[in-house]
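The values are calculated or read from the model by the stated rules, or taken from the named source; none is laboratory data. Remember, predicted model here, so these are calculated numbers, not experimental data. Cβ atoms come from the backbone with ideal geometry, glycine included; neighbour counts cover every protein chain shown. Accessible surface is based on the protein model in full, side chains and every heavy atom, while ligands, DNA and RNA are left aside. Shrake-Rupley method; radii C 1.70, N 1.55, O 1.52, S 1.80 Å.
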Amino acid sequence: MIKLLGAVLILFAGAMIGFQQAAGYAERPRQLRQLAHALQRLETEIGYGHTPLPEALERTAAAAPEPIASIFGKAATGIWETESFTFRESWEQAVKAQWGATSMRGGEQAVLIRLGSTLGISDKEDQMKHIRLALQQLKAEEDAARDDQARYEKMWKSLGILIAVLIVILMV
Amino acid sequence: MLARVVHLLPAELKTLLERLPEQMQEQLEEIRIREGRPLEVGFRGMSRFMTIDGNLRQTADGAYKPSADTCRKLLERITNYSLYAMEEELRRGFITVSGGHRIGLAGRTILEGGAVRGIRDIGAFNIRVAREVIGASALLLPKLIDRARKTLHSTLILAPPQQGKTTLVRDMARTVSYGLWPGYEASGWPGRKVGIVDERSEIAACVRGIPTFDVGPRTDVMDACPKAEGMMMLLRSMSPEVLVADEIGRPEDGEAIREASHAGVSVVATAHAYDLQDARGRPVLRKLLDDGAFTHVVELKRTEQGVMHRVVSAETQGRPAPRDLPPSQRAGEGPVHVSIGRQRADDP
């Protein structure tokens, strides 16, 4: 009886691990897409609206879904909270603090941090160029993420449960 | 005065400047920040370098030198982290922040088709603390009242930079707009509609079109607008009774002022000049004076005791000025009335 219960638990855990991994693969391109949309919005605010950066970030945050929204929101509040920060530091801190909550990887993070070191300190054309460059890089990451999703999502779903079955068989 | 601009400064500059004695903080007029070079502060017309422990020195040895990082933070704070939204300001070379404080910038300029498009690599800042002196024009105003029309005479105010011209015209605009006419006979007069063309955002210090200084309830401000165009726009659209403009000097300004005086609008304008004679050396001003566009000329001088003013009137008893009248050197020839007033710059 206890053996049966254990086997069920293992099967359940294996399936869950597999699904979670698969969900990560499915989530990453979606978040990358949302991030790109948010940056496009930021580009519009800066390029056409001439909105000051803190306000532009807040508006972007309001329009974006979580967890993307909190990156922008935190970067905006960070500059008011800590007086001795430059914008770059505030941005970098916000990106790093919120990264754990996303399914995105190091490549995207590097793109965002690089963007943060240029935001707000040059003229309009320059700002738009930097944001567009970041968007292109994110697009490349997104394509790669979609490839990964096609390749690994299904595999993880079945792999989790299959490994669990293997463990159960070995234990019996 | 320091307290008004301290929110613009990065933490390290803030702690340094707060070490100044309180009295000095009150009298602070300028903070000059140059990247990698000694920090300079200006007060009561003097300037001193500042050391790391807050002492003031006449020489630059041992002075505190702001780092590149400090300057970047300062730039971010004064531009609200948005240099891209300040293109117009960068082309003009200064930024006006809330409270009317003006921050002059210097650095490497970007050219486009031969004209300056902006400043890149900003390496020097000059924070000029704005002061709103309510009642700055109290001594002067009684001499400029047009009793027949119950308004102000058209007046040209002359002074070198940093003598309080802008403070004075701001207070005049405010007083006239509220209708706080000085003296017994003028006490019941209504306030006048005032139009201010504030090309450099100094008089009213508008932030997003709303004046941050009190310029009166009947005052309309055309902010960051070229003076000549702004005056014409106000004349056409806002029917001002008194028109105020700062630092006139271009030929098109002269045209607009002539237009305004033909329309029966009193013009109060300032110009950079040491005195009337100096002003007559500038073609545009000379022509305006010769045409009788200004019936009164005021010369300002700042001394240790405060601001001195001298009014030269071109008006004879009830009769408008003849074309060739005003200059002070002809004081002996005609009924020119000259009076000297004195007031402290920091009167409440």
Efficiency of FRET from Cβ geometry, A:R114 and B:Y274, R₀ 56 Å, rounded to 0.05:
0.55
Of A:L135, A:L112, A:L162, which has the largest mean-square fluctuation in a 10 Å C-alpha GNM of chain A?
A:L162
So what's the Cα pair-distance distribution over region B:54-196, bin width 5 Å, in %?
2, 8, 14, 14, 12, 12, 12, 9, 8, 6, 4, 1, 0
For chain B the mean separation of alpha carbon contacts under 8 Å (6+ apart) over residue count, i.e. relative contact order in percent, is 13 percent
Tell me which aspartates and glutamates have Cα within less than 17 Å of B:K14's Cα, excluding those fewer than 8 residues away on the same chain?
A:E81, A:E83, B:E22, B:E26, B:E29, B:E30, B:E35, B:E40, B:D53, B:D69, B:E76
So for region B:2-128, averaging the separation of alpha carbon pairs under 8 Å that are six or more residues apart and normalising by length, what relative contact order in percent results?
21 percent
Globularity ratio of chain B, using Cα Rg and 2.2 N^0.38 Å
1.05
Using a 10 Å cut-off on Cβ to Cβ distances, tally the other chain neighbours for every residue of B:74-81 and report the average as a whole number.
5
Top positive-direction residue, dipole computed over chain A with Cβ charges, set A:T51, A:T118, A:T102
A:T102
Number of partner chain Cβ atoms within 10 Å, mean per residue of B:82-91:
6
So how tilted is helix A:2-47 from the main axis of chain A? Cα-based, degrees 0 to 90, rounded to 10.
20 degrees
Can you compute the FRET efficiency between B:D69 and B:D214 using 1/(1 + (r/R0)^6), with r the Cβ-Cβ distance and R0 = 25 Å? Round to the nearest 0.05.
0.10
With a 1.4 Å probe and all protein chains kept in place, how much accessible area does B:R147 have, in Å² rounded to the nearest 10?
130 Å²
Once all protein chains are kept in place, B:W189 shows an accessible area at probe 1.4 Å, nearest 10 Å², of 20 Å²
Can you compute the helix-only [θ] at 222 nm over chain B? Use -39500 (n - 2.57) per DSSP H run of at least 4 residues, normalise by all residues, nearest 500 deg cm²/dmol.
-6500 deg cm²/dmol
Looking at chain B as a GNM with Cα springs under 10 Å, which of B:T295, B:T79, B:T96 has the largest mean-square fluctuation?
B:T79
Charges at C-beta only: +1 for Lys and Arg, -1 for Asp and Glu. How large is the resulting dipole of region A:5-64 about its Cα centre, in Debye rounded to 20?
240 debye
What's the average, rounded to a whole number, of partner chain beta-carbon atoms within 10 Å of each residue's beta-carbon in A:123-129?
4
Suppose every Lys and Arg Cβ carries +1 and every Asp and Glu Cβ carries -1, with no other charges. What dipole size does the protein assembly as shown come out with about its Cα centre, to the nearest 20 debye?
180 debye
Buried accessible area for the B:A pair, summed, 1.4 Å probe, in Å² rounded to 100?
1800 Å²
Give the aspartates and glutamates whose C-alpha is closer than 12 Å to that of B:K301, dropping any in the same chain fewer than 8 places away, or say none.
B:D275
Students often get this wrong, so check it: of A:K74/A:K129; B:K65/B:K227; A:K124/B:K287, which have C-alpha atoms separated by over 31 Å?
B:K65/B:K227; A:K124/B:K287
So, by mean Cβ neighbours within 10 angstrom, what's the order for A:29-36, B:170-177, B:241-248 with the highest one leading?
B:170-177, B:241-248, A:29-36
Note on the protein assembly as shown: the mean projected area of its alpha-carbon convex hull, in nm², is 34.7 nm²
Potential extension, A:I17-A:Y152 segment - 0.36 nm per residue separation minus Cα distance
47.2 nm
In degrees, nearest ten, helix A:68-81 long axis to first principal axis of chain A (Cα)
50 degrees
Which far-off residues, 5 or more places away or on another chain, put their amide H under 5 Å from the one on B:V244, with H placed in the peptide plane?
B:G195, B:I196, B:V197, B:V268
Relative contact order, percent, chain A [alpha-carbon distance under 8 Å, six or more residues apart]
39 percent
Compute the acute angle (0 to 90°) between the alpha-carbon long axis of helix B:165-178 and the principal axis of greatest extent of the alpha-carbon atoms of chain B; round to the nearest 10°.
60 degrees
For region B:138-264, size of Cβ-based charge dipole, Lys and Arg +1, Asp and Glu -1, in debye
400 debye
Name the most mobile residue of B:G62, B:G195, B:G216, meaning the one with the largest mean-square fluctuation, in a Gaussian network model of chain B with Cα contacts below 10 Å.
B:G62
In whole angstrom, how far apart do the alpha carbon centroids of region B:176-232 and region A:132-172 sit?
68 Å
Extension gain (nm, one decimal) between B:E26 and B:L139, 0.36 nm per residue minus Cα-Cα
38.3 nm
Burial-style ranking of B:128-141, A:138-151, average other-beta-carbon count within 10 Å with highest first, yields B:128-141, A:138-151
Most positive-pole-ward Cα, B:G249, B:P226, B:A205, against dipole of chain B from beta carbon charges
B:G249
